Amino acid sequence: MKIDLYVYARNASIVILAFFIAHFLTINFSSPTSQSSSNETQGADPFADANEIVLIFIGSSTCSSSKESKLPDILSSALDRYRIESNKRGYRFNSVGITIENSVSDGLKYLSSFSEFDEISVGNSLSNIALQRYFWQHWDHPHNAASPQVIIAKRIYSTQKLPYGRLRQTPQIESEHIVVRKVGLIELETLLDDSIFHSL
């Protein structure tokens, strides 16, 4: 009988402990106060609903125009200005570097001569997945099938919370609109025209 009472008491203690642990975890994962505190500590959630301005550069190490000596400075100035203008408007900013190269190593070497990009896509020549999206899908005129070129796009993200109130969210591009496309060195020099920023 004493053994039965001991087992019963022990099991009851385990159940009570499990209840408090579950209650604590629910508060941590579900409480708005807890989420707010976490976001303030770790910075803004990069997956939160947001607008984003994206600068997409397409170049090639085998293209003479893409190797012009003044191109790195043009691109660097554009990256700095669009980052500033995006922040002014409350948008996030992202930069993407894409190369038309067969070799990944050649693409990486070429992009290393420019400012650092937030993401890159290199290799697989014209079949590159990023070129499929930004080169071929928008090839409405032969003029667009050239390098170097810069695309300024505006994205709207949406998120879907995972089950059980967890903090991790899945970002999805809900829409993407190309604001302007500049092809060739002469057009790239007009990337800082105020008319472009007014249309963001």
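The values are calculated or read from the model by the stated rules, or taken from the named source; none is laboratory data. Just so it is clear, the structure is predicted and the values come from calculations on it, not from any experiment. Please note: Cβ atoms are built from the backbone with ideal geometry, for glycine as well, and neighbour counts cover all protein chains shown. Ligands, DNA and RNA are excluded from the accessible area calculation, which covers all protein heavy atoms including side chains. Shrake-Rupley method; radii C 1.70, N 1.55, O 1.52, S 1.80 Å.
The simple spin-label model puts a point 7 Å past each Cα toward its Cβ; for Asn102 and Ile178 those points are separated by 2.7 nm. Model label points for Thr62 and Glu187, set 7 angstrom from Cα along the Cα-to-Cβ axis, are 2.2 nm apart.
In this structure the stretch 111-150 gives 57 Å² per residue of accessible area when probed at 1.4 Å with all protein chains present. Percent of accessible area on the stretch 100-146 owned by carbon and sulfur, 1.4 Å probe? Whole-percent figure for carbon plus sulfur exposure: 52.
Which shape class, rounded, prolate or oblate, goes with the stretch 50-133 when its Cα gyration tensor gives a ≥ b ≥ c as root eigenvalues, a/c under 1.5 marks rounded, and past that a/b bigger than b/c marks prolate? The shape class here is oblate.
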